[in-house]
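First up is the structure itself, then whatever we jot down about it.
The values are calculated or read from the model by the stated rules, or taken from the named source; none is laboratory data. Just so it is clear, the structure is predicted and the values come from calculations on it, not from any experiment. Here Cβ is always computed from backbone atoms with ideal geometry, including for glycine, and neighbour counts include all displayed protein chains. Just so you know, the surface numbers come from the protein's heavy atoms only, side chains and all, with ligands and any DNA or RNA stripped out. Shrake-Rupley method; radii C 1.70, N 1.55, O 1.52, S 1.80 Å.
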Amino acid sequence: MTALETPERSLHDDGASLSVRGLRAEVRGKVVVQGVDLEVRRGEVQVLMGPNGSGKSTFAHALMGRPGTRVTAGSITIGGHELVGLPSWERARAGLFLALQDPIEVPGVRLGPMLEEALGEPVEARLRAEAAAIGFDVRMLERSLNVDLSGGEKKRNEMVQLGVLRPPFCVLDEIDSGLDVDALGAVAARLERATTEWGLGVVAVTHFTRLLSVLHPDVVHVMIGGRIVATGGPELADQLEATGYGTFSDGVPGSEQ
Amino acid sequence: MPLPSEKEEIWRYSPIDAFDLDRYVPVGEEQRDRPIQSGRSSASWIAPEELAPGIVAVTANGWLQRVDRVEAPGSVVVRSALDLDASPPAFGAVLSDVDAFVCMNDAFHPGSVVLEVPAGVQMDAPIVVVHLVEPEGLDGAPAIFPRMTVEVGEGARARLVELLVARSDPGVALVVPVTELRVGEKGDLSYVAVQQLGTRTWHIARLCGEVEREGRLRTLTVGLGATYDRSRSDVTAKGEGAATELRSAYFGSDTQVHDVRTIQEHAAPRTTSDLLCKGAVAQESRSIYSGLIRIRHGATKSNAMQTNHNLVLDQRSHADSVPNLDIEENDVRCSHASSVGPIDEDQRYYIESRGVPPERAERLIVLGFFDDLIDRSPMPEAMTAVRRQIGERVVRALASRSAPPGDVCD
């Protein structure tokens, strides 16, 4: 975690961290997240890996407070401020951003007016700058949110929003799904820059090691059966690449669900 | 001719069985020279001036009172059929299905307002016709029958706005407008009708259009006022290559009923029609949309689209959507889509997760729902006011609800 000690990153280290303790969450009565602990500091990049059905996406939505995803135990705090029990918009204002795997289409709603509602101030200039930074065609800003956008454009659109809102922490749910190599590189580069620009703390959720060829994590977690079964540095991803998830699921209760 | 009944498909789900004809009195000849004070059209939330019009005409209770020419080619004429000394247009020529309300209009309308755009004449400044419902001095519940006949000649182009406005709440009233639009070969007409009548008015409107070879007709009807707001649009692509485009929007609150019926008829080869109808119902209001695509034998290689989306904003509000197809030809393309439902949960979550509070998120989604249609309107300059008015209605309706459904279940 030497990156944390670089001067740029420490500049933004206000001591506030995203802290998840003993989190359990269920969807439609089924327990999917079975006690997760996670601590992310400003400027840090962590990757949460796991096979399909391991509970990673539910974990991401539990952090953001998606309706239908119910937290049954544990806490989620940013700088000590409890998020559990808050509606998602208050979690956003407390400093959390969730980039969706499949960003929702909202006909007739443009990006600018939505972000102005979120921030309470004009965003036009920042919007254009962020679009340019991620290679998002500025003409798309006049279109309806995510309507008729390709998978890559939708993910770039999420990065534009991230850049305008500048939250302390960002969770990315399968950001690499549906992305070509160029778009994935652009997204990863933007995230890396954000860690120094404003000390963004990142949790990237994925089941492919592909993301790790472009995004350089400080910490890698492996989630199986709703639990984190291993935590380490980037070398953990190399191990995954070589052996797959099978070696991690051995002996983990609930992992065969 | 008997009054229609809810048993007829084209009146299904409507409250027409509760209609009481006997309570209304048709306005009479004495209304002919009713003086119009200046500024009276300002009762409309679209000021005609706002549209930079070329011609503004005003009727009161159906009688043409005034035609102001701001800037228009001399050959483009708006006048009352009563002032034509010969060969008035054949009223009803485009009406394919005459019902009791059209008969009433035939019998009682005080002379059609006739707009003629001769062949080859192209006029871009909108022609605005304001139909005022003027309750003062009328006995009983008035019945008013505006009539409009539009002829756009070969290769001509024009843009027309009809505003249906109650100057003050007339109490109980019946307003039965009939508008006929004819577009000649390679002609082009854009048409917008905005209904903003009083809260105890029954509005039963009929719009008929027919388009000759390679002509184009684009229409938008906006229904916001009235207690029962019915707007039936029958549009026929008559000549080869003719194109029609229909847009319709409604917003219901209180106990309003909005009732939109459309017929897209294809009578010639290579014709196209594209319909988009969007509405939202709040409180105890409800809406009915039914649409028919009819492709006649011989209308090969025609392409028809029909889309109706409804937002149901309250548990007490309700929307029905009934698409129909009647296709007598094989080599055609038709598509239809319809939806009825509350504000989409995923859309709400997405917007809220960016830090937008629930009531603001809902407002964005509902306004966006209408913006999606407004962006495809045939007359953008008329949309500023329409958008503003829909926005006010949306904000009021959403504010009147109890708190939106909770979005956190922790």
Test: residue in region B:122-142 that is over 25 Å from B:ARG218 (Cα atoms), more than 21 Å from the chain's Cα centre (by Cα) and of a type in the set (A, V, I, L, M) = yes
Filtering region A:25-54 for residues that are open to solvent by 10 Å² or more (accessible area, probe 1.4 Å) and assigned to a loop (DSSP other than H, G, I, E, B) leaves a count of 6
Just a yes or no: is a residue in region A:17-32 under 25 Å from A:GLY244 (Cα atoms) and either touching a residue at least 12 places away in the same chain (Cβ under 8 Å) or aliphatic (A, V, I, L, M) (or both)? yes
- Query: Can you find even one residue in region A:67-74 that is touching a Leu at 6+ places or on another chain (Cβ under 9 Å), away from every other protein chain (no Cβ under 11 Å) and modelled with pLDDT of 95 or more?
  - Reply: no
Restricted to region B:350-361 and to residues being part of a helix (DSSP H, G or I) and surrounded by fewer than 24 Cβ atoms within 10 Å (Cβ to Cβ), the residue farthest from the other protein chains (Cβ to nearest Cβ) is B:GLU359
When every residue in region A:156-174 that is open to solvent by 10 Å² or more (accessible area, probe 1.4 Å) and assigned to a helix (DSSP H, G or I) is compared, the one nearest to A:VAL187 (Cα to Cα) is A:ARG156
Quick count over region B:208-224, residues being closer than 22 Å to B:VAL175 by Cα and buried (at least 24 other Cβ atoms within 10 Å of the Cβ), is 6
Here the residues within region A:86-143 that are facing another protein chain (nearest Cβ under 9 Å), over 22 Å from A:ASP173 (Cα atoms) and outside any loop (DSSP other than H, G, I, E, B) are A:PRO113, A:GLU117, A:LEU119
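Would you mind finding the one in B:ALA166, B:ALA158, B:ALA205 that is under 12 Å from the mean Cα position of the chain (by Cα) and crowded, with 22+ Cβ neighbours inside 10 Å? Lay out the reasoning, then the answer.
Working: B:ALA166 fails: under 12 Å from the mean Cα position of the chain (by Cα); B:ALA158 fails: under 12 Å from the mean Cα position of the chain (by Cα).
Of B:ALA166, B:ALA158, B:ALA205, the one residue that is under 12 Å from the mean Cα position of the chain (by Cα) and crowded, with 22+ Cβ neighbours inside 10 Å is B:ALA205.
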Checking B:ALA304, B:ALA337 in turn, the sole residue that is of a type outside the set (S, T, N, Q) and either surrounded by 15 or more Cβ atoms within 10 Å (Cβ to Cβ) or in contact with a Phe, Trp or Tyr (Cβ under 7 Å, 6 or more places away or on another chain) (or both) turns out to be B:ALA304
